[in-house]
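Colleague: One structure follows; several queries about it will come next.
The values are calculated or read from the model by the stated rules, or taken from the named source; none is laboratory data. Quick caveat: nothing in here was measured; it's all calculated off a predicted structure. Every residue, glycine as well, gets a Cβ built from its backbone with ideal geometry; the counts of neighbours run over all protein chains shown. Note: accessible area is taken over every heavy atom of the protein model, side chains too, but ligands, DNA and RNA are not part of it. Shrake-Rupley method; radii C 1.70, N 1.55, O 1.52, S 1.80 Å.
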Amino acid sequence: MSRPAGPPRTGAPRTGTGFGAPRPGAPVGNRPPARGGGGPRGSQRKVTRRRRRSVEELEPTQMTTWQPSTAPVPEGEIIIERGSTAKDVGPKLNRSAADLIRFLFLQGEIVSAVQALSDDMIELYAAEVGASVRLVDPGEEQEAALLARFFDEDELDAEIPASPRPPVVTVMGHVDHGKTKLLDRIRNANVVAGEAGGITQHIGAYTVDWNGHVIAFIDTPGHEAFTAMRARGAEVTDIVILVVAADDGVMPQTIEAIDHARVAQVPIIVAINKIDKADANPDRVLQQLSERGLVPERWGGDTITVEISALQGLGIDELLEQVVLVAEVAELEARAEGRAVGVVLEANLEVGRGPVATVMVQKGRLEVGDPVVAGAGWGRVKALVNDRGQQVKWAGPSTPVQVLGFSEPPLAGDEVRATDDLSQARELGEARAQRVRLVGYQPIAAGSGTRLEDLFEQIQRGETATLNIVLKADVQGSLEACTESLRKLERDEVRLVIVHRGVGGITENDVQLARASGATIIGFNVRPDRRSRELAESESVSIRTYEVIYKLIEELEAAMLGLLTPVYEEVVTGEAEVREIFRVPRVGAIAGCFVRSGVITRGSRVRFLREGVIIWKGTVSSLRRFKDDAREVAAGYECGVGLSDYQDLKEGDIIETFEEREIPRSA
Ligand code: GDP
């Protein structure tokens, strides 16, 4: 820092007041003169002081310019970032900040020119001046403007008529009910003998040709993936196959899947699986489904149900037939020519191939050589690979393809768009990358998070806890699904901040980051290597790994419930009266008791009471009925209680056992 020389700036005499007092030990005569460079110490302090004043405070605000209320507002949709200030918003609507502030003031809202406005405030003012605004997330403004400029979908859709397209199906259901088996069964049945060695490539989705009907399946089963896609605005599924095991019935994830499909307004076809099993009970499943509002056709409802065995290949044709029927009713259409639009199902970085994204084309025709953009990734399509591992020249609606050529892997759920030229793709991709840098990686103050283990304590102090998480997963799809699920766990007392998330194993970097931000590391299908585990141990960073999303959610939820202000109440479980004390060699004292109420259980917590006063607290170390060890002794019986720690019981003392029970939180 360069030391200022010469006269202090304006205002120095005033701000200098109070700083001129002689420092201890400094000769009074040494006081710096008010002007001139003779007082380095004094003026340095002043400058530091002034630097600390906020920039906003010093900035001139033009409060006094007004626009006539009849001034025209810009036409068309005006894009405004959420959290903009009056100074930003005013000029965009051809008004001054002062106009906006005055308007809000009259509505009873007092804001300054540099204060972030709420969505409501911006919308209210836009309505007042008759402007049409669209609010976007911070950093998204440039991107939204580019999208509007590059893609006029309506025009293209009007030009090229839509034609029928195959349905896209997602298989959902409770864990272990046979989703994977069913997907495998359908895929394998479709492999044409001899073709590409009969091996289908796992690319996250595949199509089958069933009796001349093409059907696309998304190969990442589970409603988490489905929800994650939808959360990102990707409505990619036309039909949901809900798998319910006939031997297990409707389970929590079955219900969740039903709910998600309903919200998305996607038709459900129920596949009652595992009918080969001896304990299969399809009728019970139908009954349970009816209770959830899915009344089967044969009971007069409109829910299609098909009994299958994914293991033995029974009922698969009937199931596919129903899919085709439902698709026909839905009259699915898309334009098959022109600039392609699609959704990223999965993406990762592959050795030797670079960023690879599995894309479900939704409309148009994606061709090799097309400039494309998805998320922050952009480039020219280098190659398209279909679900059989074959290179193809193009892909049309409802076709999943692997796309090679992106500058970086996009995220699952990102929209993919072919652009007219490469510069558009680049501009859009870079605008997004910029936003990710701005918004996605805001540094978190070191140690600001509460660790999972400390949550409870913090909440007990009545504070809102912030649970910082470093999330690592095996593939992009599961990363999205985990993120989505974690978000749902948030509640008033616990805020969840994902400090960092990424695909790949848990590294030393992750541990460092977790330590710096007080985060818990969550790994999904990934594990820490030895070095990061050791680092985590030495830095006391906790790492939790899971292999099933359901388990992750269940455990965190349980942990949070347990941690969220648990209310304990003490429940007395048994009461016994001391009748006699026996001294047993090598064992010590044994209290011969009579159980007055409840049960006395070995290992339970006890307190000894003498005339209502607690004289000792501990645990029942041994419990006997006559000569035999007993686990518990009920009211009305006599027993011997071992007193290893406490020897001074007397006749007439009371032994009370108790436990603490958590009172469940009301939701
Ligand atoms: P997911 O978790 O829903 O994907 O379930 P999986 O497809 O992994 O199946 C879970 C278990 O159920 C596996 O051991 C399968 O072999 C078994 N399974 C799946 N379908 C059937 C079936 O139709 N009959 C029987 N008996 N077992 C099945």
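Colleague: Which is at pLDDT 95 or above, within 16 Å of the ligand (Cβ to nearest atom) and either part of a helix (DSSP H, G or I) or open to solvent by less than 40 Å² (accessible area, probe 1.4 Å) (or both), of 361, 270?
Modeller: Of the residues listed, the single one that is at pLDDT 95 or above, within 16 Å of the ligand (Cβ to nearest atom) and either part of a helix (DSSP H, G or I) or open to solvent by less than 40 Å² (accessible area, probe 1.4 Å) (or both) is 270.
Colleague: Is there a residue being in contact with a Phe, Trp or Tyr (Cβ under 8 Å, 6 or more places away or on another chain), outside any strand (DSSP E or B), open to solvent by less than 30 Å² (accessible area, probe 1.4 Å) and touching a residue at least 24 places away in the same chain (Cβ under 8 Å) anywhere in the range 326-335? Before you say what the answer is, go through the steps one by one.
Modeller: In the first step, residues of the range 326-335 are kept if they are in contact with a Phe, Trp or Tyr (Cβ under 8 Å, 6 or more places away or on another chain); the result is none.
No, the range 326-335 contains no residue that is in contact with a Phe, Trp or Tyr (Cβ under 8 Å, 6 or more places away or on another chain), outside any strand (DSSP E or B), open to solvent by less than 30 Å² (accessible area, probe 1.4 Å) and touching a residue at least 24 places away in the same chain (Cβ under 8 Å).
Colleague: Next question, about the same structure. Of everything in the range 267-321, what is at positive phi and of a type in the set (D, E, K, R)? Give them in sequence order.
Modeller: Of the range 267-321, the ones at positive phi are 274, 293, 300, 313, 315.
Matches in the range 267-321: 274 only.
Colleague: Moving on. Here is a list of conditions, (1) over 27 Å from the mean Cα position of the chain (by Cα); (2) over 14 Å from residue 205 (Cβ atoms), and residue 355 meets all of them except one; can you say which number that is?
Modeller: Unmet condition: (1).
Colleague: Of all residues in the range 294-305 being open to solvent by less than 50 Å² (accessible area, probe 1.4 Å) and not hydrophobic (A, V, I, L, M, F, W, C), which is farthest from the ligand (Cβ to nearest atom)?
Modeller: 301
Colleague: Separate question: Out of the range 501-530, which residues are surrounded by 20 or more Cβ atoms within 10 Å (Cβ to Cβ) and part of a helix (DSSP H, G or I)?
Modeller: Of everything in the range 501-530, those that are surrounded by 20 or more Cβ atoms within 10 Å (Cβ to Cβ) and part of a helix (DSSP H, G or I) turn out to be 510, 511, 514, 517.
Colleague: Can you run down the residue pairs with Cβ atoms below 6 Å, 6 or more apart or on separate chains, where the first is in the range 614-641 and within 20 Å of residue 660 (Cβ to Cβ) and the partner is open to solvent by 100 Å² or more (accessible area, probe 1.4 Å) and in a strand (DSSP E or B)?
Modeller: 619/605
Colleague: Taking residue 160 as meeting all but one of (1) of a type in the set (Val, Ile, Thr); (2) within 9 Å of the ligand (Cβ to nearest atom); (3) at pLDDT below 90, write down the number of the exception.
Modeller: That leaves (2) as the condition not met.
Colleague: Let me ask something else about it. Given the structure, is residue 244 touching a Ser or Thr at 6+ places or on another chain (Cβ under 8 Å) and within 15 Å of the ligand (Cβ to nearest atom)? Lay out the reasoning, then the answer.
Modeller: On the way: touching a Ser or Thr at 6+ places or on another chain (Cβ under 8 Å): yes; within 15 Å of the ligand (Cβ to nearest atom): yes.
The answer is yes for residue 244.
Colleague: Only residues that are more than 30 Å from residue 635 (Cβ to Cβ), at pLDDT below 80, open to solvent by 60 Å² or more (accessible area, probe 1.4 Å) and not in a helix (DSSP H, G or I): list them for the range 531-579, please.
Modeller: Correct list: 539, 540, 547.
Colleague: Looking at the range 280-287, can you tell me whether even one residue there is within 16 Å of the ligand (Cβ to nearest atom) and of a type outside the set (A, V, I, L, M, F, W, C)? I'd like the intermediate steps shown before the answer.
Modeller: Residues of the range 280-287 within 16 Å of the ligand (Cβ to nearest atom): 280-282, 285.
Add one more test, that the residue is of a type outside the set (A, V, I, L, M, F, W, C), and what stays is 281-282.
Yes, the range 280-287 has at least one match.
Colleague: What's the number of the only condition in (1) at pLDDT below 80; (2) surrounded by 18 or more Cβ atoms within 10 Å (Cβ to Cβ) that residue 90 fails to meet?
Modeller: Status for residue 90: all satisfied but (1).
Colleague: Also, quick follow-up: Scan the range 361-397 for residues that are over 14 Å from residue 418 (Cα atoms) and among the β-branched types (Val, Ile, Thr) and jot them down.
Modeller: Correct list: 385, 392.
Colleague: Considering only residues that are within 16 Å of the ligand (Cβ to nearest atom), open to solvent by 20 Å² or more (accessible area, probe 1.4 Å) and either within 19 Å of residue 314 (Cα to Cα) or in contact with a Lys or Arg (Cβ under 9 Å, 6 or more places away or on another chain) (or both), which ones fall in the range 251-267?
Modeller: Correct list: 255, 260.
Colleague: Under the condition of being open to solvent by 40 Å² or more (accessible area, probe 1.4 Å) and not in a helix (DSSP H, G or I), which residue from the range 306-325 is farthest from the ligand (Cβ to nearest atom)? Steps first, answer last, please.
Modeller: Pass one, the range 306-325, residues open to solvent by 40 Å² or more (accessible area, probe 1.4 Å): 307, 311-312, 314, 317-318, 321-322, 325.
Applying the additional criterion that residues be not in a helix (DSSP H, G or I) yields 307, 311-312, 314.
Values: 307: 10, 311: 3, 312: 6, 314: 8 Å.
Result: 307.
Colleague: For the range 171-186, give me each residue that is more than 8 Å from the ligand (Cβ to nearest atom) and open to solvent by 50 Å² or more (accessible area, probe 1.4 Å).
Modeller: Across the range 171-186, the qualifying residue is only 185.
Colleague: Across the range 374-399, what is the total count of residues that are touching a Gly at 6+ places or on another chain (Cβ under 7 Å) and crowded, with 22+ Cβ neighbours inside 10 Å?
Modeller: Residues in the range 374-399 being touching a Gly at 6+ places or on another chain (Cβ under 7 Å) and crowded, with 22+ Cβ neighbours inside 10 Å: 5 in total.
Colleague: Just for the range 338-354: of the residues that are in a strand (DSSP E or B) and of a type in the set (A, V, I, L, M, F, W, C), which one is most open to solvent (accessible area, probe 1.4 Å)? Steps first, answer last, please.
Modeller: Taking the range 338-354 and keeping what is in a strand (DSSP E or B), we get 341-350, 354.
After this cut, where a residue has to be of a type in the set (A, V, I, L, M, F, W, C) as well, the list is 341, 343-345, 347, 349.
On the way: 341: 11, 343: 6, 344: 0, 345: 5, 347: 2, 349: 123 Å².
In this case the residue turns out to be 349.
Colleague: Right, another one. Is there any pair with a first residue in the range 416-442 that is β-branched (Val, Ile, Thr) and a second that is surrounded by fewer than 16 Cβ atoms within 10 Å (Cβ to Cβ) and modelled with pLDDT under 80 whose Cβ atoms are under 8 Å apart and which are 6 or more apart or on different chains, and what are they?
Modeller: Correct list of pairs: 439/137; 439/138.
Colleague: Any idea which of 270, 250, 306, 244 is of a type outside the set (Gly, Ala, Ser), over 25 Å from residue 330 (Cβ atoms) and touching a helix residue (DSSP H, G or I) at 6+ places or on another chain (Cβ under 7 Å)?
Modeller: Among 270, 250, 306, 244, only 250 is of a type outside the set (Gly, Ala, Ser), over 25 Å from residue 330 (Cβ atoms) and touching a helix residue (DSSP H, G or I) at 6+ places or on another chain (Cβ under 7 Å).
Colleague: Which residues, taken from the range 592-618, are in a strand (DSSP E or B) and either modelled with pLDDT under 80 or in contact with a helix residue (DSSP H, G or I) (Cβ under 8 Å, 6 or more places away or on another chain) (or both)?
Modeller: 607, 609, 610, 613, 614, 615, 616, 617, 618 - these are the residues of the range 592-618 that are in a strand (DSSP E or B) and either modelled with pLDDT under 80 or in contact with a helix residue (DSSP H, G or I) (Cβ under 8 Å, 6 or more places away or on another chain) (or both).
Colleague: When you scan the range 412-452, how many residues do you find that are polar (S, T, N, Q), at pLDDT 60 or above and in a loop (DSSP other than H, G, I, E, B)?
Modeller: Total satisfying the criteria: 1.
Colleague: Condition test on residue 633, is it touching a Leu at 6+ places or on another chain (Cβ under 7 Å) and at pLDDT 85 or above?
Modeller: Working: touching a Leu at 6+ places or on another chain (Cβ under 7 Å): yes; at pLDDT 85 or above: yes.
Judged against the criteria, residue 633 is a match.
Colleague: Also, quick follow-up: If you check 522, 459, which single one turns out to be more than 30 Å from residue 144 (Cα to Cα) and at pLDDT 75 or above? Spell out how you get there, then give the answer.
Modeller: On the way: 459 fails: at pLDDT 75 or above.
Matching residue, one of 522, 459: 522.
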